[in-house]
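Worksheet: one structure, shown below.
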Amino acid sequence: MKGSLIILLCFVSGVVTGLFGNLSPAIMDSDLTLWVLYLLIFFVGISIGGDSTTFSVLKKSNVRIVLIPISIAAGSLGGAAVAGLFLEDITLKDAMAIGSGLGYYSISSIYITEMRGEVLGTVALLSNILREIFTLLSAPLLVAWFGRTAPIASAGATAMDTTLPIITMNSGKRYAIIALFSGVVLTIAVPVLVTFILS
């Protein structure tokens with residue numbers, strides 16, 4: 001949990017700095033966060049490549065590795081459908097469209113905004129951002145309670161980028177390859193699923 005608390009502290013510090021820090025436009029408009037993310041993924045890549053046993057997970061998984069992103073997508077859509085039954089202002093179809101964002105908040109919210117309006121697009125954006133933050137903060141608990149693939153499922157599409165370092169740290173290097181594969185598949189699936197559900 002120490003790692004999760006550090007992440008939470010960094011996030012809160014960033015929010016406070018953004019609100020009251022009076023930062024220059026050069027910093028606010030820069031791609032610094034993107035470059036830091038690239039650097040994190042680079043170091044994850046080094047740790048994966050440096051461990052000779054990492055790729056043995058792929059050999060052992062065979063076709064079963066495909067079941068992970070399929071299960072994540074099915075679980076996300078199923079959970080969204082159940083939630084949609086209890087929401088008065090959001091239809092079942094719209095709830096499933098939000099769930100089909102699979103954590104990929106930027107593209108899914110854009111698609112949903114274009115097809116259903118700004119309100120639903122904002123709900124999709126917040127829902128998927130909260131999914132990412134939940135994964136970042138609760139990865140140690142997810143591993144302890146549900147197993148090493150749990151953070152991968154919770155992360156959804158973000159398992160290939162923003163949540164990959166925290167997944168690697170808590171699930172182990174061997175699961176980083178699975179997380180990367182799952183994240184790529186789900187990222188590709190998001191525009192297809194959102195468009196299919198809302199069309």
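Every number in this text was worked out from the coordinates using simple rules, so none of it is lab data. Quick caveat, the model's predicted, so the values are computed rather than measured. Because the Cβ atoms are built from the backbone with ideal geometry, glycine has one as well, and the counts that use them run over all protein chains shown.
Taking packing as the residue-averaged number of other Cβ atoms within 10 angstrom, the listed peptides 79-92, 103-116 run from highest to lowest as 103-116, 79-92.
Each residue, residue 196 and residue 24, gets one label point 7 Å from its Cα in the Cβ direction; the gap between the two is 4.9 nm.
Express in nm, to one decimal, how much length is gained between residue 113 and residue 15 on full extension, taking 0.36 nm for each residue of separation and deducting their alpha carbon distance.
32.8 nm
Just to be sure I understand the model, the point goes 7 Å from the Cα along the line to the Cβ. What's the resulting residue 36 to residue 133 distance in nm? In this crude spin-label approximation the distance works out to 1.6 nm.
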